[in-house]
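The values are calculated or read from the model by the stated rules, or taken from the named source; none is laboratory data. Every value quoted in this text rests on a predicted model; they were computed, and no experiment measured them. Cβ coordinates were reconstructed from backbone atoms using ideal geometry, including for glycine residues, and neighbour counts include every protein chain displayed. Heavy atoms of the whole protein, side chains included, go into the accessibility calculation; ligands, DNA and RNA do not. Shrake-Rupley method; radii C 1.70, N 1.55, O 1.52, S 1.80 Å.
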Amino acid sequence: MDESDALLAALHRTAEPAAAGAVEHLLRHGSDAELARINAVHLAAEAGLDDEPVIAALLHGARLGLLEMAWNVLCPSCGGVIEAPASLRGVRPSGYHCAFCALDSEPVLDDTVEVTFTVSPRIRRIAAHDPDGLGFWDYQRQVFFGSGLAFPEPADLAALAQRALVETVELRAGERMILALQLGPEPLIVLDPVTHAAHNLAVEGEPTQERQDLALVFDAARASAGHSTFRPGPLRLSLDNRTSGRVLPAVFRVGPDLEALLGGRRPYLTAKRLLSNQTFRDLYRTDTLDIDQRLKILSLTFLFTDLKGSTELYARVGDLVAYDLVRAHFRILHEIVAAEGGAVVKTIGDAVMATFPAPHRAVAAALRMRAAMQALNRERGADDLVLKIGLHEGPCLAVSLNDRQDYFGQTVNVAARVQQLAAAGGIFATDAVLRHAEAARCLTENGITARAELRSLRGIGEPVPVQELI
C-alpha cells in the first residue's frame, strides 16, 4: 500500500462513506482542472450528496495531507482571486484592490472569502502545481478566478472568446513585444492575470490615421492599474515584462461578450459557512485567526441555550447522576447543531453558544433541541432537563479569544439576552431571525406558532421585537 492508499483508507475511517468515496473518486479520476480549486458545494451537487458530509470529508482530507486548503480573497465584482493565503490568518481586514474592476474592497466572510481545496502534490501532481506551464485560459480558470465563476460550455466559450478577445501573448522574464492594434469605437482593457495588472483604454473623438503609442511595463507591483484615452485608429502597444517570471497579458473588448464570458456564477464554500462548521472547529480548533485579527461578517445567526435548574439538579439526584445527565444533554445538543450545519462555539457552565450560516438552520436546531430534551425526560420519567433557548441574527466580527475562534459584537450580546427571556422549555427568536422566508417556513412545517412581543433586554438601549415559539 503506497502513501496515497494509506491516507485514503484513513479518510474512509474518519468521513461518511459516500462523501469519502466522492472525494476519493475525484482525487483518483478527476482532471487537473477539477483538482486545482475544488469547490465543496459543487462537488456535493455533482455527487448527489448533502453539502455537510462532503465539506467534512474535504476537511478531513486536508488534515490528513491529501488536500491543501486555501482561503481566497475575492473581488466582489468579477470573482477574481486577489490573494490566496493558506490560512485565515493571512487574510487582512482591508486594503484589497482589483485592477481589472478598478475596485477597492475589504474582505467580508459572507461572500468575498471562499475556501477551496487542491490535491496535494505528494498525492498527485497536476498542472496548477506549476502555474507557469498553464495556457492562458487554463490559468484564468484555475488560478485567476475563484471556484464560484462558472465559465460557459466549451463551444460557447470559444465563440465568446473569439468576439471578446483581441490578442493574448506570453512573455517570459525580460521579454518585450509590440502589438499593432486597430482601435474601433469600443473600449478595451489590457489584463495580465499573473500580476493582476490592468490598463483601461477608452476610445473617444474622431478617427485618426496617425499612429498612437502606449507602453506598459509589468514589474513587481501587484494589481497596478492605469487608464488612457485614444482616438479610433492605429495603436502600437508595447508590452515589457520586467518581472522574474512570465506574464500573460491579454487585450479584451469591454462589452456584453466579455460580461457573458465571465458572468456565470455558482455556489461556493464561504469562510462564514466554514467557520460555522462543527468539523472545521473540531479539527482546526486554534488554527484560525490571529489574536489581533478582526474580520467582518454581515449576517450570522446565534443560538444560546441554558439548562434551567442545573444547580438544583445536582442537589436532587447527586453529583454522579447529574454529571452524566448534563454530559448527555451536551452530546445531544452538539449532534443537533452539527446536523443542522452549525457549530458550537463554546460552552459556558451548562450553556451552549452556537452559530449557523442561515437563520432557518438555527430555528430547526432549536426545535429539535427542545424535542430531544422532552424525549430524554420521558425516557427517564422525570423533567430534570429543561432548556431555555434564544436566537438572533445580524452582523458581527470574527475574532480570536482565549486561543479559540469566537465572535464579538452587539448581535452576540442581543442573542445572549434573548435567551434569558425564555422560561422553562421556551424558545425566543428576534424578528431578525423569523423575517427570513425559510425560517418562517420551518415553523409552518413543524406546526409552530409565534407570539410577538416587544421586550427590553438588559444592557440593550432600545426594546427589541421578539417572538416566542409555541
**Asked** Restricting to the range 365-384, what's the tally of residues that are assigned to a loop (DSSP other than H, G, I, E, B) and out of contact with any helix residue (DSSP H, G or I) (no Cβ under 9 Å at 6 or more places or on another chain)?
**Response** 1
**Arg176, sole failed condition from (1) modelled with pLDDT of 95 or more; (2) in contact with a Leu (Cβ under 9 Å, 6 or more places away or on another chain); (3) surrounded by 14 or more Cβ atoms within 10 Å (Cβ to Cβ)** = (3)
**Asked** Quick one: which of Arg28, Arg37 is within 30 Å of Asn200 (Cα to Cα), at pLDDT 95 or above and open to solvent by 30 Å² or more (accessible area, probe 1.4 Å)?
**Response** Arg37
**Request:** Looking only at the range 206-223, count how many residues are small (Gly, Ala, Ser), modelled with pLDDT under 95 and open to solvent by 30 Å² or more (accessible area, probe 1.4 Å).
**Result:** 2
**Message:** Just to check your reading of the model, which residue among Glu114, Glu83 is at negative phi and open to solvent by 20 Å² or more (accessible area, probe 1.4 Å)?
**Reply:** Glu83
**Message:** If I filter the range 351-359 for residues that are modelled with pLDDT of 95 or more and assigned to a loop (DSSP other than H, G, I, E, B), do I get at least one hit?
**Reply:** yes
**Close pairs from the range 1-13: first closer than 10 Å to Glu24 by Cβ, partner modelled with pLDDT of 95 or more and open to solvent by 80 Å² or more (accessible area, probe 1.4 Å), Cβ under 6 Å, at least 6 apart** = none
**Request:** Name the residue, out of Glu393, Glu468, that is within 27 Å of Val108 (Cβ to Cβ) and either touching a residue at least 60 places away in the same chain (Cβ under 8 Å) or open to solvent by less than 80 Å² (accessible area, probe 1.4 Å) (or both).
**Result:** Glu393
**Complete:** The number of residues in the range 297-327 that are surrounded by 15 or more Cβ atoms within 10 Å (Cβ to Cβ) and within 24 Å of Gln419 (Cα to Cα) is 18
**Item:** Residue among Ala343, Ala366, Ala362, Ala354 that is in contact (Cβ under 8 Å) with a residue 24 or more places away in the chain and farther than 20 Å from Thr270 by Cα
**Value:** Ala366
**Which numbered condition Gln420 misses (of (1) within 17 Å of Phe304 (Cα to Cα); (2) open to solvent by less than 20 Å² (accessible area, probe 1.4 Å); (3) not in a strand (DSSP E or B))** = (2)
**Prompt:** In the range 328-356, how many are hydroxyl-bearing (Ser, Thr, Tyr) and exposed (fewer than 14 other Cβ atoms within 10 Å of the Cβ)?
**Reply:** 0
**Prompt:** Out of all the residues in the range 439-448, which are surrounded by 13 or more Cβ atoms within 10 Å (Cβ to Cβ) and not in a loop (DSSP other than H, G, I, E, B)?
**Reply:** Ala439, Ala440, Cys442, Leu443
**Item:** the range 206-227 residues that are within 28 Å of Leu103 (Cβ to Cβ) and touching a residue at least 60 places away in the same chain (Cβ under 8 Å), paired with ones that are assigned to a loop (DSSP other than H, G, I, E, B) and among the hydroxyl-bearing types (Ser, Thr, Tyr) (beta carbon under 8 Å, 6 or more apart)
**Value:** Ala223/Thr195; Ser224/Thr195
**Request:** Just give me the residues in the range 86-111 being among the small types (Gly, Ala, Ser), open to solvent by 20 Å² or more (accessible area, probe 1.4 Å), at negative phi and in contact (Cβ under 8 Å) with a residue 40 or more places away in the chain, in sequence order.
**Result:** Ser87
**Asked** How many residues does the range 127-155 contain that are more than 21 Å from Leu74 (Cα to Cα) and in contact (Cβ under 8 Å) with a residue 12 or more places away in the chain?
**Response** 2
**Complete:** Expected single match for open to solvent by less than 20 Å² (accessible area, probe 1.4 Å), on the phi < 0 side of the Ramachandran plot, out of contact with any Leu (no Cβ under 7 Å at 6 or more places or on another chain) and outside any loop (DSSP other than H, G, I, E, B) among Leu191, Leu201 is Leu191
**Fill in**
By residue number, the members of the range 224-233 that are in a strand (DSSP E or B), open to solvent by less than 30 Å² (accessible area, probe 1.4 Å) and over 19 Å from Gly80 (Cβ atoms) are Ser228, Phe230, Gly233
**Request:** Hey, can you tell me all the residues within the range 313-352 that are over 30 Å from Ala398 (Cβ atoms) and of a type in the set (D, E, K, R)?
**Result:** Arg316, Asp319, Asp324
